[in-house]
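*Asks:* Sending over a structure as structure tokens; questions will come in a sec.
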Amino acid sequence: MLCGCDHGKRRAEPQPPAPKVSFVALDREHQRLVRDYEPVSSAMTAYELAFRDWRLGRVSQTGLLARARSYRRVVLHSRALVSGDLATGETRRAKRLLVTALTARAGALAALPALHVYRPLWDRSESSARAGLTVLQDIRDRARLIPLPEDSVS
């Protein structure tokens with residue numbers, strides 16, 4: 001009978017538990033992420049109205065593209081802010097999803113008027129933003145913090 005030995009190279013040492021973030025620090029992280037994302041949500045209504053009006057023939061393509069460029073600047077600025085925000089623990093996953101959402105949204109806006117390129121990117125931005133908000137809400141629920149407003153991330 002043979003018995004192998006790894007000479008301690010694969011020995012699993014117990015990892016010390018990650019330092020626990022205080023409720024105040026966790027809330028600040030989340031509030032900062034939402035505050036930096038919020039301009040995108042606020043500016044989206046005007047863009048969506050212009051997009052709808054363009055699809056209905058009420059706004060020219062030039063008008064839509066001007067609104068899309070303006071909105072894209074807001075998206076890129078928010079992406080830079082969110083990317084620079086500190087995130088610890090599970091909040092890092094939410095931050096990654098929000099950055100993914102903003103990156104996809106910027107790509108969608110740059111792709112206009114090519115709807116075949118725009119639509120998948122826009123859909124990805126919406127689903128990633130919703131997933132990021134859901135992760136934040138789940139973390140807040142477990143920590144028994146006040147929920148974030150649902151319209152803070154869209």
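*Asks:* Consider THR103 carefully, then state whether it is buried (at least 17 other Cβ atoms within 10 Å of the Cβ) and under 27 Å from LYS20 (Cβ atoms).
*Replies:* Taking the combined requirement at face value, the residue does not satisfy it.
*Asks:* A further question follows. Does LEU49 qualify as being of a type in the set (A, V, I, L, M), modelled with pLDDT of 95 or more and closer than 14 Å to HIS30 by Cβ?
*Replies:* no
*Asks:* For the condition within 17 Å of TYR47 (Cβ to Cβ) and part of a loop (DSSP other than H, G, I, E, B), what is the one hit in SER154, SER125?
*Replies:* Matching residue, one of SER154, SER125: SER154.
*Asks:* In addition: Could you say whether any residue in region 74-91 is modelled with pLDDT of 95 or more, out of contact with any Gly (no Cβ under 7 Å at 6 or more places or on another chain), of a type in the set (Lys, Arg) and surrounded by fewer than 20 Cβ atoms within 10 Å (Cβ to Cβ)?
*Replies:* no
*Asks:* Cβ-Cβ distance below 7 Å, separation of 6 or more or different chains: which pairs start in region 113-124 with a residue that is loosely packed, with under 12 Cβ neighbours inside 10 Å and end on one that is of a type outside the set (Val, Ile, Thr)?
*Replies:* Short answer, once both residue conditions are applied: PRO113/GLN61.
*Asks:* I've got another one for you. Could you tell me which residue of region 125-154 is surrounded by the fewest Cβ atoms within 10 Å (Cβ to Cβ), considering only residues that are at pLDDT below 90 and of a type in the set (Val, Ile, Thr)?
*Replies:* Once the filter is applied, the top-ranked residue is ILE146.
*Asks:* Quick one: which of ASP85, ASP53 is closer than 30 Å to ARG142 by Cβ and of a type in the set (D, E, K, R)?
*Replies:* Answer to the check: ASP85.
*Asks:* Which pairs do you get when a residue that is under 20 Å from MET44 (Cβ atoms), found in region 90-102, comes within reach of a residue that is of a type in the set (Phe, Trp, Tyr), reach meaning Cβ atoms under 8 angstrom, with the pair 6+ apart or on two chains?
*Replies:* LEU98/TYR37; LEU102/TYR37
The values are calculated or read from the model by the stated rules, or taken from the named source; none is laboratory data. For clarity, every value in this text was computed on a predicted model and none was experimentally measured. Glycine also receives a Cβ, built like all others from the backbone with ideal geometry; neighbour counts cover every protein chain displayed.
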